[in-house]
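What follows is a short report on a single structure.
The values are calculated or read from the model by the stated rules, or taken from the named source; none is laboratory data. In this text, all values refer to a predicted model and were calculated from it rather than measured experimentally. Reconstructed Cβ throughout: ideal geometry from the backbone, glycine too, with neighbour counts over all protein chains shown.
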């Protein structure tokens, strides 16, 4: 929390954290500081800690560079750090993967024509393996790929974030009550929340 500049932690249940993060991300203005005001910092779950909220979006126009630097800093301290975007209603996937202070991969597939501008690093082993499963060459060359091959890959990447997260760490969608857990989850203010306050609202406890 110190490294990320998070303040005023308040213990919360998973249900309350989910309700708040969801409301901040979807119910208010999507281009103002309110959507970046709070994050959920989970207990340690099977060796991993989640920081969840729109403030962590690795491809947001306003936040992408800062999320990249945050992953670098966290991976310097903890050896690994990742950030993900996943649109569960067909809005695509994106990820940043950092190891030992270096971002080794950033990838985005959301249907935006500028997705390719965010690409950093070579495909991860999971990406290569997935291409083989689809019958595609693991060494991607968009210039030589057929239109059908390119479409197959784009659709696969659209939904890839949760599976990739699980393959190289732990997916938030795979959290369940039997996972080893240590500590208490908290809702914390980001620097945006400290400076501008939080959106009003009542939430499910």
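Just a few scattered comments:
- Selection within the range 187-197 - out of contact with any helix residue (DSSP H, G or I) (no Cβ under 6 Å at 6 or more places or on another chain) and either over 21 Å from residue 50 (Cα atoms) or free of Cβ contacts under 8 Å to residues at least 24 places away in the same chain (or both): 195, 197
- Single residue of the range 112-121 satisfying the filter (surrounded by 12 or more Cβ atoms within 10 Å (Cβ to Cβ) and in a loop (DSSP other than H, G, I, E, B)) that is modelled with the lowest pLDDT: 112
- Within the option set 40, 50, 36, being in contact with a helix residue (DSSP H, G or I) (Cβ under 7 Å, 6 or more places away or on another chain), at pLDDT below 95 and over 23 Å from residue 116 (Cα atoms) holds for one residue only, 36.
- Residue check for residue 90: touching a residue at least 24 places away in the same chain (Cβ under 8 Å) and either under 19 Å from residue 189 (Cβ atoms) or touching a helix residue (DSSP H, G or I) at 6+ places or on another chain (Cβ under 6 Å) (or both): no
- For the range 4-26, the candidate set comprises residues that are under 16 Å from residue 63 (Cβ atoms) and modelled with pLDDT of 90 or more; within that set, the residue that is surrounded by the fewest Cβ atoms within 10 Å (Cβ to Cβ) is 5.
- Hey, residue 157 under 28 Å from residue 2 (Cα atoms) and either surrounded by 13 or more Cβ atoms within 10 Å (Cβ to Cβ) or under 19 Å from the mean Cα position of the chain (by Cα) (or both) or not: no
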